[in-house]
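The structure appears below as structure tokens.
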Amino acid sequence: MALKIIDHGSKEYLQMIKMRNDILRKPLGLIFNPEELETEKEEVLIGAFEEEKMLGCCMLVRQDGKIVRLRQMAVLNNLQGKGIGRALMSFAENIARDMGYSKLTMHARKTAVGFYEKLGYRTSGDEFLEVTIPHFMMEKDLRM
């Protein structure tokens with residue numbers, strides 16, 4: 001499996017949009033709009049690949065000089081539990097550290113909290129609804 005940063009507008013990016021749409025958006029009756037995708041030019045786009053096929057993806061969004069936010073984490077449904085998400089998170093954390101960030105945050109779906117806790121993340125605050133489903137704010141100090 002290869003982990004890499006994806007260029008906005010590339011064929012890998014088109015795979016990323018499709019994966020995020022199929023796994024994260026369609027089940028909730030949501031779709032991407034062109035303006036939303038245009039803002040992703042500024043984000044760090046990350047993918048896990050087996051040859052040319054995307055297995056999983058996520059993105060890092062700059063919050064301020066010290067904090068970066070993980071968004072749109074997705075792994076193909078039939079490959080969940082195989083270590084792809086763990087590898088993506090480790091890669092994303094290393095990129096964030098290399099860029100000088102000291103904290104990674106996210107809005108984690110309630111169903112994924114256990115996965116992130118195993119990777120050293122902790123919940124911060126109360127459960128909230130986002131895109132109609134329960135989430136928790138989670139964070140990790142990257143200096144540890």
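Would you say Arg97 is over 11 Å from the mean Cα position of the chain (by Cα) and modelled with pLDDT under 95?
Numbers: over 11 Å from the mean Cα position of the chain (by Cα): yes; modelled with pLDDT under 95: no.
Against the criterion (over 11 Å from the mean Cα position of the chain (by Cα) and modelled with pLDDT under 95), Arg97 does not qualify.
Within region 118-132, is there a residue that is at pLDDT 95 or above, in contact with a Lys or Arg (Cβ under 6 Å, 6 or more places away or on another chain) and closer than 19 Å to Asp22 by Cβ?
no
Here are Asp64, Asp22: which of them is free of Cβ contacts under 8 Å to residues at least 40 places away in the same chain, on the phi < 0 side of the Ramachandran plot, of a type in the set (Asp, Glu) and part of a loop (DSSP other than H, G, I, E, B)?
Asp64 is the lone residue from the list that is free of Cβ contacts under 8 Å to residues at least 40 places away in the same chain, on the phi < 0 side of the Ramachandran plot, of a type in the set (Asp, Glu) and part of a loop (DSSP other than H, G, I, E, B).
Which of the following residues is touching a strand residue (DSSP E or B) at 6+ places or on another chain (Cβ under 9 Å), buried (at least 17 other Cβ atoms within 10 Å of the Cβ) and aliphatic (A, V, I, L, M): Leu28, Leu76?
Result of the check over Leu28, Leu76: Leu76.
Within region 67-94, count every residue that is of a type in the set (D, E, K, R) and at pLDDT below 95.
1
Could you list, in sequence order, the residues of region 119-144 that are under 15 Å from the mean Cα position of the chain (by Cα) and not aromatic (Phe, Trp, Tyr)? Talk me through it step by step, then tell me what you get.
Filtering region 119-144 down to residues under 15 Å from the mean Cα position of the chain (by Cα) leaves 119, 121, 135-140.
Hits for region 119-144 are Leu119, His135, Met137, Met138, Glu139, Lys140.
Quick one: in region 93-144, of everything that is over 16 Å from Cys58 (Cα atoms) and in contact (Cβ under 8 Å) with a residue 60 or more places away in the chain, which residue is surrounded by the fewest Cβ atoms within 10 Å (Cβ to Cβ)?
The selected residue is Thr132.
Would you say Phe115 is closer than 29 Å to Glu50 by Cα and either aromatic (Phe, Trp, Tyr) or touching a strand residue (DSSP E or B) at 6+ places or on another chain (Cβ under 6 Å) (or both)?
For Phe115, the condition - closer than 29 Å to Glu50 by Cα and either aromatic (Phe, Trp, Tyr) or touching a strand residue (DSSP E or B) at 6+ places or on another chain (Cβ under 6 Å) (or both) - is met.
What number goes with the only condition from (1) out of contact with any helix residue (DSSP H, G or I) (no Cβ under 7 Å at 6 or more places or on another chain); (2) touching a residue at least 40 places away in the same chain (Cβ under 8 Å); (3) under 25 Å from Gln63 (Cα atoms) that Glu40 does not pass?
Failed condition: (2).
Tell me which residues, restricted to region 1-19, are in a loop (DSSP other than H, G, I, E, B), in contact with a strand residue (DSSP E or B) (Cβ under 8 Å, 6 or more places away or on another chain) and either exposed (fewer than 12 other Cβ atoms within 10 Å of the Cβ) or free of Cβ contacts under 8 Å to residues at least 40 places away in the same chain (or both).
Asp7, His8
I'd like to verify a number: residues in region 46-60 that are among the small types (Gly, Ala, Ser) and either more than 17 Å from Ala108 (Cα to Cα) or surrounded by fewer than 21 Cβ atoms within 10 Å (Cβ to Cβ) (or both), how many?
2
The values are calculated or read from the model by the stated rules, or taken from the named source; none is laboratory data. Please read all numbers here as calculations on a predicted model, not as lab measurements. FYI the Cβ positions are ideal-geometry reconstructions off the backbone, even for glycines, and counts take in every protein chain you see.
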